[in-house]
Structure formats: structure tokens, C-alpha cells
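Reading through the C-alpha cells given below for one structure.
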Amino acid sequence: MSVGPDRGNMAVIDTLHHLHDPDSLSYLSQAEASAIDEELMGSMGFSIDQLMELAGLSVASAIAEVYRVEKYKHILVICGPGNNGGDGLVASRHLFHFGYKPTILYPKRTDKPIYKSLVTQLETLSIPFLDEDQLSSASLKDYNLILDSIFGFSFHGNARPPFDKILQLLRDININTNTQIPIVSVDIPSGWDVELGDKDGLGLKPDMLVSLTAPKLCAKTFRGSHHFLGGRFVPPGIAEKYNLKLPPYPGSSVCVRIGKPPSVDVSALRENYVGAVLLEEHINKDPFKQFQEWFEDAVAAGLTEPNAMTLATATSEGHPSARVVLLKGYDHRGFVWYTNYGSRKASELLSNPWASLVFFWDKLHRQIRVEGKVEKVSDEESDEYFHSRPRGSQIGAIVSRQSEVLPGRQTLDDQYKSICEKYADGSYIPRPNFWGGFRLLPVSIEFWQGRESRLHDRFDGSVLIEGHHSCL
């Protein structure tokens, strides 16, 4: 067992378990789904508008996670007369605020105040409503995505006008034309039986299903590419009473992917970068200051570990290796990180001090490439940083002999426990001499901004180590 800093997240691992093992989830019958809704709006104190708001936000969030606004901006939202239609109306409002342009088809409106209020909210946003006679196979081609919020889990029998013709049109558009428009269904694909699925073959075949509260039995027959669970509102009492097995939601997300991930054509994966430009007149003449501006942008954007960087090293014979480390300091002297001096990366740097760093901030479509020579930081700098770390991390640095092989994880845990007991009185923990920092002194810094059609902007900054003079 090769050891190193453990940055794993058990919640993520547990989520991936559900990703690949849909049979580990609970699936609700129609009776169970109805009973849970009754309890949520009864003893649990929820109102219908609260649940509708949470459901609609979940649907919009799931759409935004898969269907990027740059490519799927125009969305047709088709709403039925019941709660599913209300979820669609709420989702439309959130999609609008996410940057999409929804258009709504709501042919069977109700006079209930909650629905009338939702319509008013959408009208104040100038979101257009279609009449049913405006919908045709030709008009459908104006949309990049269709949100099906027509029928929910109480639906049974055959669709009645005008929804029978709408469902037929949606089925035909993806069967009989060359234009494939993804369909996202809310909780139950319209035309499906809540328990048996598309038993008559007259229902929709959506690309995405967003189950709410818990997947319904029909979801076992869903064969689309994306299955999400939304509605992060199930109280523990409900989960225990109905023995619900649900996946954990990551972070603060209101939706989570479940089911098997879609097969991927790697060659077809591409992102068309849209957004900022990088013009020469906007570049700071000091590349260190330009780095600081972009780094602060990455922090402000809320990116996870914006200080993560790929460190590439090579042996004295030129054999390369790379790994992700964390930047812990930067100034005009260079870029600093800390590690075990006995690790592979440290051994390579001590025999061949030339290395490169790459920062990649995907949401900003930016990367920075740094090349230069590496040296150890002073003992004083290493001491100062070591003692700024939490005590647990200080002990971890002592125990974790990176790149060494251990008999098993238990050996590492036992050593950690032993050192914790040694310093349990809160006494000073000395920095081990095999642990400390490195600094890369740049000879070049390259700034890269992704642009449309792969016509990216790139500027190179050359840095003279002597005197740290810089130019672009």
C-alpha cells in the first residue's frame, strides 16, 4: 500500500455506489407515494407550495447540471393541470434565473390560487406562453430541450385531449425527423403507468428522468441517459417509517444522479468555450500580478480548491511523472508547495530541479502554465507553514511517509494513533526534517483563455530569475 495524504470523500464514494447500483435504492408504489405526500403535508407540516418550490428547483438544477445553457438555451416547458404542471411552472422560473429562455405550454389552467400566482410570476418575467394550436412539428424545432411536466404519479388510463395529441407530437419529433430534441420528464414520464412503466408503448421516452422524493416503480424500466433524484426534503421520520434507501446528496446540491451513468463516446466530448476574452492590452505587464488577478477570480468564483495545480517532474534520465498538489504561497520569488522530501516527486526534483505547473479553472475556461527551476524553501519558511497547519495535519505529515509501501492501512492508522497519544498534552510538535517546502522559480508563465471554435487566446510571459524582471 503506497501512502499519501488522504483527501477522499466518503460521501462521494457512497454516491458513486448508488450511481452504479440502482437496485440499492427504494422504489415507491403509487400507494406509497400518495401516503408519503399526505404525511408530508399533514403531520410533517409542509404546504403544497413548499413542496412544489423544492421540486421545481430540483428539476431546474438537474437540467442545468447536464444541459449547459450555452447549448440548450431555449426550453419548451409543457405543463399539465396538476401538481406535476406546478413543478414545471416553478422549474421555469428557476431556469429563467439560471440564464435559460423557457417558453411555456399550459393548455389546461386551473383557478387554484397557487397556480395563478405561479403564472403571474412567470408573466412578470416576460416568459412567453404558447397556445396549443401554436405547437407543431415545425415549431418544436425552435427548441433545444423539452421539459415534460404533464402527468404525475396519479395518472392512469389514456391521455385525453389536448394532451393525447401533444404526446403524439413529442413521440413523432424524435422518431420521424432528423432533429433529436432531448426530453426531460418530471417524476413520471408522461403516458407511463406509475408502477408498470410504458406498458402500452404510448408514453414518452425521455432522455432524462428527475424522480422526486424517491424513484417510483416505473423508474426501474427507464432506459434514458440521465436519472436524477430531486427534492431534498424527506424528513428522517418518513425515511425510517417507509424504510427508504436514498443516496446522499453531495454538498449543498438539491439533486443527485442515480442509476447507471450513460455510455460515453470519448471522441465526441467537447466544450465550446464561451465567455471572457484575453486581449494583449488587458494583460498586466507583470505576470505575477496577472496570476494574482486570475487566482483571485478563481477564488471568487467559488471553485473547489482553486489552488490545486498539476506538478510535472522528471527523473535525471528524463522519465516524466505528474500529480496534483496544492499551492501554498506565491510572490515574485515563485510558487510554493509542501511535501515529504522522501516522496517520488521530491526525489525527482532533487535529481532534476526543472519542473512545470498547470492551473486549470474549468468554469472560467482558463489555465496557467508555469515552467522553471525548483529549490527548497528555507527551514524557517517550512517551520512557519508546518505550525500553521491543524495539529492533525502536523501529525499526518510525520506519519505519512509518502511513496513508501506499507503492509496495509491499519499500519498507518496505528502509527497516527500512537503519535496523537504522544502529543495528547498539547505540547509543541516539531517539524520532521523529511518534510518541507519547494519553490518553483519561473522562467516562463503562459496564460490561456478558452474561446469559441478552439480559437483560444494565449499569452506567454518570460521571467528572468536574476532580479525577477518580467515582461510579456
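Laid out as a table, the results:
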{"item": "Verdict on SER149 being over 19 Å from HIS227 (Cβ atoms) and hydroxyl-bearing (Ser, Thr, Tyr)", "result": "no"}
{"item": "Of all residues making up region 430-451, the number that are closer than 28 Å to GLN402 by Cβ and either open to solvent by 30 Å² or more (accessible area, probe 1.4 Å) or part of a loop (DSSP other than H, G, I, E, B) (or both)", "result": "6"}
{"item": "Residue match in region 420-438 (condition: among the hydroxyl-bearing types (Ser, Thr, Tyr) and under 36 Å from the mean Cα position of the chain (by Cα))", "result": "no"}
{"item": "Residue match in region 49-56 (condition: open to solvent by 60 Å² or more (accessible area, probe 1.4 Å), under 18 Å from the mean Cα position of the chain (by Cα) and acidic (Asp, Glu))", "result": "no"}
{"item": "Options GLY230, GLY224; residue that is open to solvent by less than 60 Å² (accessible area, probe 1.4 Å) and touching a helix residue (DSSP H, G or I) at 6+ places or on another chain (Cβ under 7 Å)", "result": "GLY230"}
{"item": "Hey, LYS199 part of a loop (DSSP other than H, G, I, E, B), of a type in the set (D, E, K, R), open to solvent by 40 Å² or more (accessible area, probe 1.4 Å) and touching a strand residue (DSSP E or B) at 6+ places or on another chain (Cβ under 6 Å) or not", "result": "yes"}
{"item": "Criterion: part of a strand (DSSP E or B) and among the charged types (D, E, K, R) - qualifying residue of ASP148, ASP172", "result": "ASP148"}
{"item": "Unique match (being in contact with a His (Cβ under 6 Å, 6 or more places away or on another chain) and free of Cβ contacts under 8 Å to residues at least 60 places away in the same chain) among LEU209, LEU202, LEU196", "result": "LEU209"}
{"item": "Cβ pairs under 8 Å, 6+ apart, first in region 284-309 and over 19 Å from GLY372 (Cβ atoms) and open to solvent by less than 30 Å² (accessible area, probe 1.4 Å), second among the basic types (Lys, Arg) and outside any helix (DSSP H, G or I)", "result": "ALA298/ARG366"}
{"item": "Selected residue (criterion: least open to solvent (accessible area, probe 1.4 Å)) from residues of region 24-38 that are closer than 23 Å to ILE258 by Cβ and of a type in the set (Asp, Glu)", "result": "ASP37"}
{"item": "Condition broken by PRO247, with the remaining ones in (1) assigned to a loop (DSSP other than H, G, I, E, B); (2) of a type outside the set (Gly, Ala, Ser); (3) farther than 30 Å from MET52 by Cα satisfied", "result": "(3)"}
{"item": "Qualifying residue in region 138-160 (condition: in contact with a Lys or Arg (Cβ under 7 Å, 6 or more places away or on another chain) and modelled with pLDDT of 85 or more)", "result": "yes"}
{"item": "Residue list for region 316-327, filter: in contact with a strand residue (DSSP E or B) (Cβ under 8 Å, 6 or more places away or on another chain) and open to solvent by 30 Å² or more (accessible area, probe 1.4 Å)", "result": "PRO320, ALA322, ARG323, VAL324, LEU326"}
{"item": "Scope region 348-370; condition of a type in the set (Asp, Glu) and buried (at least 18 other Cβ atoms within 10 Å of the Cβ); matching residues", "result": "GLU348"}
{"item": "Of residues in region 260-301 being within 25 Å of the chain's Cα centre (by Cα) and among the β-branched types (Val, Ile, Thr), the one modelled with the highest pLDDT", "result": "VAL299"}
{"item": "Candidate set from region 393-417 (those that are part of a helix (DSSP H, G or I) and more than 19 Å from PHE434 (Cα to Cα)); member that is least open to solvent (accessible area, probe 1.4 Å)", "result": "THR411"}
{"item": "Meets criteria (touching a Leu at 6+ places or on another chain (Cβ under 8 Å), in a strand (DSSP E or B) and not acidic (Asp, Glu)) for VAL256", "result": "yes"}
{"item": "Number of the condition not met by GLN134 [criteria: (1) crowded, with 20+ Cβ neighbours inside 10 Å; (2) out of contact with any helix residue (DSSP H, G or I) (no Cβ under 6 Å at 6 or more places or on another chain)]", "result": "(1)"}
{"item": "Criterion violated by ILE114 - all others in (1) touching a Pro at 6+ places or on another chain (Cβ under 9 Å); (2) farther than 22 Å from ALA214 by Cβ satisfied", "result": "(1)"}
{"item": "Flag for ARG109 being touching a Pro at 6+ places or on another chain (Cβ under 8 Å) and under 28 Å from GLN30 (Cβ atoms)", "result": "yes"}
{"item": "In region 51-67, residue farthest from LYS363 (Cα to Cα) [restricted to those that are in contact (Cβ under 8 Å) with a residue 60 or more places away in the chain and not hydrophobic (A, V, I, L, M, F, W, C)]", "result": "SER58"}
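This table checks each residue for (1) modelled with pLDDT of 95 or more; (2) in contact with a Ser or Thr (Cβ under 9 Å, 6 or more places away or on another chain).
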| position | (1), (2) |
| --- | --- |
| HIS365 | no, no |
| GLU371 | yes, yes |
| VAL377 | yes, no |
| GLU380 | yes, no |
| ARG391 | no, no |
| GLY396 | no, no |
| SER400 | no, no |
| SER403 | no, yes |
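Residue-wise test of (1) more than 21 Å from LYS165 (Cα to Cα); (2) surrounded by 15 or more Cβ atoms within 10 Å (Cβ to Cβ); (3) not β-branched (Val, Ile, Thr).
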residue: LYS71; (1), (2), (3): yes, no, yes
residue: ILE75; (1), (2), (3): no, yes, no
residue: PRO107; (1), (2), (3): no, yes, yes
residue: LYS116; (1), (2), (3): yes, no, yes
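The values are calculated or read from the model by the stated rules, or taken from the named source; none is laboratory data. Just so it is clear, the structure is predicted and the values come from calculations on it, not from any experiment. Every residue, glycine among them, receives a Cβ derived from its backbone with ideal geometry; neighbour counts consider all protein chains shown. Ligands, DNA and RNA are stripped out before the accessible areas are found, and what is left, the full protein with its side chains, is counted by its heavy atoms. Shrake-Rupley method; radii C 1.70, N 1.55, O 1.52, S 1.80 Å.
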